[in-house]
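Right, one structure below, let's go through it.
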Amino acid sequence: MNNSWLEGLEVDRLVGRKRFAVLLDPDKTPKGDALDKWIQEIDDSNASDIFVGGSHLSYGNTAEIVERVKNITQLPVIIFPGSPDQICEDADALLLLSLVSGRNADLLIGKHVEAAPKLMAMNLETVATAYMLVGDGPLTTAAYITQTLPIPSAKPELVVATAQAAVLLGMKAVYLDAGSGAGDPISMEVIKAVRNSVSVPLIVGGGINGLEGIENAWEAGADLVILGTVLEKSLDFNVLKPS
């Protein structure tokens, strides 16, 4: 890529070009040839990016997945780390997530201190990202693993204030996540409120189960929409076709 991944995302935001990424969770992706086939299907789709990572890591196979993706597609590969073990230099970028919606010090700065020496020694673009859990239940994997409560959907002003504080602290992107397995996606009201309050790229994920959900998030102001659970279950892009 000529520009950094973040620069490309910012350019797309300015010109109104929307993006969506498929999340490959190391715990949930198929194995071997089945994984290669799925990566090829992602490459043949309208996906703009591939994210690798997740809230929980049972298998130390992040690097293997990144290598397989790189062998099959030219799409940017972005690490969405659930732990410092998921850092991989062969990726195009890494979201350096700070869970600003919670008060778990380990996920605000602790894990970053652990990862910093490794990251500083790598030629890997890192994007300081304000990671925010938003929603009302049921309990998601992200909320359980992080031991934090999401910001209630009925409090868009609190979501906005948190996003603004993160940007003032220097965060380069905001990621609103309903969490894996969420009953509902982030509301359009919340997305619009955050989009109108900050100028950094806005990433939205969790609870989106079809084309309408993607388009709603885009319309509300999301620059990049992440799809995970719905595709993990089906391994089929037909779920994103108009009903």
Would you confirm whether or not the stretch 139-157 contains a residue that is among the basic types (Lys, Arg), closer than 22 Å to ARG103 by Cβ and either within 16 Å of the chain's Cα centre (by Cα) or surrounded by fewer than 24 Cβ atoms within 10 Å (Cβ to Cβ) (or both)?
yes
How many residues does the stretch 89-145 contain that are closer than 20 Å to VAL194 by Cβ and part of a strand (DSSP E or B)?
13
Considering only the stretch 124-143, I want to know if a residue exists there that is out of contact with any strand residue (DSSP E or B) (no Cβ under 9 Å at 6 or more places or on another chain), over 18 Å from GLY207 (Cα atoms) and of a type outside the set (Lys, Arg).
no
Note down all Cβ pairs under 6 Å where the first residue falls in the stretch 224-237 and is without any contact (Cβ under 8 Å) to a residue 40 or more places away in the chain, the second is β-branched (Val, Ile, Thr), and they're at least six residues apart or on different chains.
VAL230/VAL239
Consider ALA163 against the criteria (1) among the small types (Gly, Ala, Ser); (2) surrounded by 14 or more Cβ atoms within 10 Å (Cβ to Cβ); (3) within 20 Å of TRP5 (Cβ to Cβ): it satisfies all of them except one. Which criterion is unmet?
(3)
With the condition kept exactly as written, say whether any residue in the stretch 228-235 is closer than 19 Å to ALA47 by Cα, at pLDDT below 95 and within 14 Å of the chain's Cα centre (by Cα).
yes
Which residues, counting only those in the stretch 43-88, are part of a helix (DSSP H, G or I), under 30 Å from LYS241 (Cβ atoms) and without any contact (Cβ under 8 Å) to a residue 40 or more places away in the chain?
ASP43, ASP44, VAL66, ARG68, LYS70, ASN71, ILE72
Taking the options LEU57, LEU14, name whichever one is modelled with pLDDT of 95 or more and of a type in the set (A, V, I, L, M, F, W, C).
LEU14
Selection over the stretch 203-219 where residues are surrounded by 20 or more Cβ atoms within 10 Å (Cβ to Cβ) and more than 25 Å from ILE39 (Cα to Cα) yields a count of 0
Just give me the residues in the stretch 19-33 being surrounded by fewer than 19 Cβ atoms within 10 Å (Cβ to Cβ) and either touching a strand residue (DSSP E or B) at 6+ places or on another chain (Cβ under 6 Å) or in a loop (DSSP other than H, G, I, E, B) (or both), in sequence order.
ASP27, LYS28, PRO30, LYS31
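The values are calculated or read from the model by the stated rules, or taken from the named source; none is laboratory data. A quick note: this is a predicted structure, and the numbers were derived from the prediction, not measured. Don't worry about glycine lacking a Cβ; one is built from the backbone with ideal geometry, like all the others, and counts go over all protein chains shown.
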